[in-house]
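None of the figures in this text is laboratory data; all of them are computed from the coordinates on show. It should be emphasised that the depicted structure is a prediction, and the values quoted were computed from it without experimental measurement. Note that each Cβ is placed from the backbone with ideal geometry, even for glycine, and that neighbours are counted across all protein chains shown.
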């Protein structure tokens, strides 16, 4: 009796294995299970992203209300829906940088005019801070819409691979989005951020020297360091702007007739996970995280006159770059300042001119 019962059990097990094997190999049920699994995961993360975006909008409405904006929600919605940039044609690359620079400048002018129209009584630094705050809300809105687009596309086409890729990317995307969400406080309060490391190095280098405007939202200082003529460039603070450092370098080199011994660029740089925040590195080239126009302006200007181009960077994560400056980043600023002074003293002869460019957002840095 027991033997018969045991045989029956094994027979049932074999049948079950056969049926399961058939289902796994000859139906799309496994793929549908994967689809449901990844769709559920992505859906939960999209809910988190909605909460972040709604929270940013609430905080931005509160910030604009304190600035006596009549209809802050309308101002935010109009900005998010209307101010985008269409990149120039790249299939024909002739003069693409000049065309891109023109489009960027036109968009910047339109954004400034928009803020001026709705918030006319603000001081210049506050206007810059409002612009960056609106840009943060707009960027997160775009990320949210793009992610939902691919999520719905994956569901529509039963594409579990697309949803899997989306699910694997969501933790990193949410990490960056959370960093931008926190950054809103720094810009609304006007505190220095990690990306302001370059401008802060310049500010310490020039001391109490008076700034001179060289181009839009950009100033330069002229000081002497151990009988070397130092021309230092940074965005005009303390509002949230990066200025136009490339255009400023080009103009300043022409003003000096090309008689420049060296150009030194100082900027924040994203660190690797194996690196420590505040590490300082020295290299060659233009240290600037620009989409193209400003960086190429520096490269063209130094190439025209054969001027050596140095780079000093302060390492930090993206969260540290766009949020209130940490002690580790500040310590890196002090190290970078000493490194810049060493470069000037060792590679520039007495009586020669050197240009130091503090690249980055100068919010909170006068």
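Listed values, structure above:
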| item | result |
| --- | --- |
| With Cα atoms, 0 to 90° folded angle of helix 245-255 axis to the chain main axis | 20 |
| Ratio of the Cα radius of gyration of segment 79-229 to 2.2 N^0.38 Å, where N counts its residues | 1.40 |
| Ranked list, fewest to most other Cβ atoms within 10 Å of each Cβ, for 150, 180 | 150, 180 |
| Efficiency of FRET from Cβ geometry, residue 36 and residue 113, R₀ 45 Å, rounded to 0.05 | 0.40 |
| Estimated FRET transfer efficiency (residue 179, residue 14; beta-carbon r; R0 45 Å; 0.05) | 0.25 |
| Separation of alpha-carbon centers, segment 73-105 and segment 208-264, rounded to whole Å | 27 |
| Entry for volume of the Cα convex hull per residue in Å³ (calculated from the structure that is shown) out of (i) 206; (ii) 124; (iii) 133 | (i) |
| Peptides ranked, highest mean first, by Cβ atoms within 10 Å: ranges 254-260, 84-90 | 254-260, 84-90 |
| Distance between segment 42-69 and segment 302-329 - C-alpha centres, whole angstrom | 30 |
| Inter-label distance for residue 67 and residue 284, nm, one decimal - labels placed 7 Å from Cα along Cα-to-Cβ | 4.4 |
| Ordering of 290-302, 94-106 by packing [mean C-beta count within 10 Å, highest first] | 290-302, 94-106 |
| Using a Förster distance of 22 Å, the FRET efficiency for residue 157-residue 47 (Cβ separation, nearest 0.05) | 0.50 |
| Two-site label geometry, residue 150 and residue 21: point separation in nm, points 7 Å out along Cα→Cβ | 3.8 |
| Spin-label pair residue 77/residue 99, simplified geometry with 7 Å Cα→Cβ offset, distance in nm | 3.6 |
| Acute angle (nearest 10 degrees) that the helix 160-189 long axis makes with the longest principal axis of the chain, alpha-carbon atoms | 40 |
| Kirkwood estimate for segment 194-358, i.e. one over the average of 1/r between Cα atoms, Å | 15.6 |
